[in-house]
Amino acid sequence: MRVDVLKLARELSERGEAYVLATVVWRRAPTSGQLGSRALITSDGRISGWVGGACAEPAVVAQAELALAEGAPRLLFLGTPEELAEHHRKSVVLVPIACQSEGALEVYVEPVLPPPHLVVIGRSPTAEALAGLGSALGWKAVLVDAEREDDFEDGSGEEGLERTRDLDAAGIGERSFVVVATQGHYDEEALERALATPAAYVGLIASHKRAEAVKDFLRDRGVPEEQLQRVRAPAGLDLGSLPAEEIGVAVLAEIVQIKALVKRGEAAGGPRASVVHEAVDPVCGMTVKVSTARYRSVHDGRTYYFCSAGCLGKFEGEPPAYVGAGA
């Protein structure tokens, strides 16, 4: 049965899940990848659809995972190692493959990321302003207030802004940014619950003195120190005393700054990409994902991984010629 890649993409987008679309934009026969062939790769490396055979597919998946981590598209040229130099162009990623058919492909790899997920806890003017600003940016903004007594659970409010009294209903995950803006009403409870989530960012809007008092209280309750180290307090860029709306801007500015640093690999924390354990095929130089490598061989107690049966056969025919080339 043929996979409807675009339908699957729509379903993942509706669920707020990240994925990558890979499309063949050029080919040189013979290759099983056809012009316009398309595949979808999820954040855990699963592929649906078709872009090419056993040589091309793992290379595309590996590059898709890198594109997803960087949040930027890339154009791939997949060909034999001997022809890579002649296809060198700016902004093109050259990927060696050892297909015996000697075909070649160009594949456009496009990551599709859900909008940033901002969860603001509290009913203060600052909480309202921050959630409203996030919504105006096109982020998925959720305002949570466990103490609100009016009709707060029906999702009513300005367009794009969700409201709830239940923090669990906010759907906090590893790509979420949580800001506690309870302003002294239930700071300790809200921060403790926020730290129990896998959120990429947990901020507390409070003075330095108040923030330390809240963290001391949570220490006494047994919250581990490594969890308390996650707290950004006072949340936001330090711009001095500001009105509620400008505090919201300062907090959003800090979140945007952290997102940019994480994207460039210059900061810990933030949305995390899965770790990809890879090896280099010692015969052709192609990068192979270890967890899904079908072809492998053990020589002198060391395991080598291969992109194809052809490379495995060459290695096993004369291991000394290739030993030391694989990572």
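If the elastic network links every pair of Cα atoms under 10 Å, which of PRO116, PRO125, PRO58 fluctuates the most in the Gaussian network model of the chain?
Looking only at PRO116, PRO125, PRO58, the largest GNM fluctuation is found for PRO125.
Name the long-range amide H neighbours of ARG27: under 5 Å, sequence gap of 5 or more, or other chain; modelled H, no Pro or chain starts.
Distant-sequence amide H within range of ARG27: GLU106.
Whole-Hz ³J(HN,Hα) for each residue in the stretch 226-235, computed from phi via Karplus 6.51 cos²θ - 1.76 cosθ + 1.60 with θ = phi - 60°, x for glycine and proline: what do you get?
Per residue, the Karplus-derived 3J(HN,Hα) values read 5, 6, 5, 5, 6, 6, 8, 8, x, 5 Hz.
Hey, what did the stretch 8-54 get for relative contact order, percent, Cα under 8 Å, at least 6 apart? Don't jump to the answer; show the numbers that get you there.
Details: 67 pairs, mean separation 15.6, N = 47.
Once normalised by length, the contact order is 33 percent.
Please report the accessible area of ARG165 (heavy atoms, 1.4 Å probe, ligands and nucleic acids excluded) in Å², nearest 10.
Surface accessible to solvent at ARG165 totals approximately 90 Å².
What accessible area per residue, rounded to a whole number of Å², is obtained for the chain using a probe radius of 1.4 Å? Working shown, then result.
Numbers: 16750 Å² over 327 residues.
Solvent-accessible surface per residue comes out at 51 Å².
Taking only Cα atoms and a 10 Å spring cutoff, compute GNM fluctuations for the chain and point out the largest among ALA235, ALA64, ALA213.
Result: ALA213 has the largest fluctuation of those listed.
So what is the calculated 222 nm ellipticity per residue for the chain, using -39500 (n - 2.57) for each DSSP H run with n of 4 or more, over all residues, to the nearest 500 deg cm²/dmol?
On the way: 8 runs with 92 residues, N = 327.
Value at 222 nm, helices only: -8500 deg cm²/dmol.
Dipole of the chain (Lys/Arg Cβ +1, Asp/Glu Cβ -1, origin at the Cα centre): which of PRO114, THR197, VAL3 lies farthest to the positive side?
It is VAL3, whose Cα lies furthest towards the positive end.
What is the Cα radius of gyration of the chain over 2.2 N^0.38 Å, N being its residue count?
On the way: Rg = 24.6 Å, N = 327, 2.2 N^0.38 = 19.9 Å.
Normalised by 2.2 N^0.38 Å, the Cα Rg of the chain equals 1.24.
Ordering LYS90, LYS314 by how much accessible area each has at a 1.4 Å probe, largest first, what is the list? All intermediate terms of the calculation are to be shown ahead of the outcome.
Details: LYS90 185, LYS314 120 Å².
Most to least solvent-accessible, the answer reads LYS90, LYS314.
Accessible area of the chain with a 1.4 Å probe: how many percent of it is carbon plus sulfur? Show your work: numbers first, answer last.
Numbers: 8370 of 16750 Å².
The computed percentage sits at 50.
When Lys and Arg each count +1 and Asp and Glu each count -1, what net charge do the other residues less than 14 Å away from SER32, Cβ to Cβ, add up to? Display every interim value, and only then the final one.
Values: positive: ARG27, ARG28, ARG38; negative: GLU57, GLU102.
The answer is +1.
Evaluate E = 1/(1 + (r/R0)^6) for ASP166 and VAL25, where r is the Cβ-Cβ distance and R0 equals 45 Å; express this FRET efficiency to the nearest 0.05. Before the final figure, lay out the partial values.
Working: r = 46 Å, r/R0 = 1.02.
The calculated FRET efficiency here is 0.45.
Order the following by accessible area, largest value first: ARG10, ARG296. Probe radius 1.4 Å; ligands, DNA and RNA are ignored.
Numbers: ARG10 130, ARG296 110 Å².
Highest to lowest solvent-accessible surface, that is ARG10, ARG296.
Considering the options LEU105, LEU228, SER91, tell which one lies farthest towards the positive end of the dipole of the chain, charges being +1 on Lys and Arg and -1 on Asp and Glu at the Cβ, about the Cα centre.
The residue sitting farthest along the positive end of the dipole is LEU105.
Using a simple charge model, +1 on the beta-carbon of Lys and Arg, -1 on the beta-carbon of Asp and Glu, nothing else, what dipole does the chain show about its Cα centre, in debye to the nearest 20? Can you show the working numbers first?
Numbers: 34 positive and 47 negative charges, 252 e Å.
That gives the chain a dipole magnitude of about 1220 debye.
Apply the Karplus parameterisation 6.51 cos²θ - 1.76 cosθ + 1.60, with θ equal to phi minus 60°, to every residue of the stretch 47-54 and state each ³J(HN,Hα) to the nearest whole Hz, in sequence, with x for glycine and proline.
For the stretch 47-54, the Karplus curve yields 10, 10, x, 8, 10, x, x, 5 Hz.
Can you tell which of GLU188, GLU278, GLU226 shows the greatest fluctuation in a Gaussian network model of the chain with Cα springs below 10 Å?
Largest GNM mean-square fluctuation: GLU226.
Note down the relative contact order for the stretch 1-79 as a percent, whole number, built from C-alpha pairs under 8 angstrom at least six residues apart. Can you show the working numbers first?
Numbers: 95 pairs, mean separation 20.4, N = 79.
Result for the stretch 1-79 is 26 percent.
Only Cα pairs under 8 Å and at least 6 apart count here; give the relative contact order of the chain as a rounded whole percent.
On the way: 656 pairs, mean separation 44.2, N = 327.
Relative contact order of the chain: 14 percent.
From largest accessible area down, sort LYS7, LYS289, LYS259; use a 1.4 Å probe on the protein chains. Don't skip to the end; give the middle numbers.
Details: LYS7 100, LYS289 45, LYS259 70 Å².
Accessible-area ranking of LYS7, LYS289, LYS259, largest first: LYS7, LYS259, LYS289.
What does the charge add up to near LEU75, with Lys and Arg as +1, Asp and Glu as -1, over the other residues with Cβ less than 11 Å from its Cβ? Don't skip to the end; give the middle numbers.
Values: positive: ARG74, ARG89, LYS90; negative: GLU106, GLU110.
Combined, the nearby Lys, Arg, Asp and Glu give +1.
The values are calculated or read from the model by the stated rules, or taken from the named source; none is laboratory data. Keep in mind that this is a model prediction, so the values were computed, not measured. Note: ideal-geometry Cβ built from the backbone for every residue, glycine included; neighbour counts use all protein chains shown. Each accessible area value is taken on the protein alone, full model and side chains, heavy atoms only, with ligands, DNA and RNA left out. Shrake-Rupley method; radii C 1.70, N 1.55, O 1.52, S 1.80 Å.
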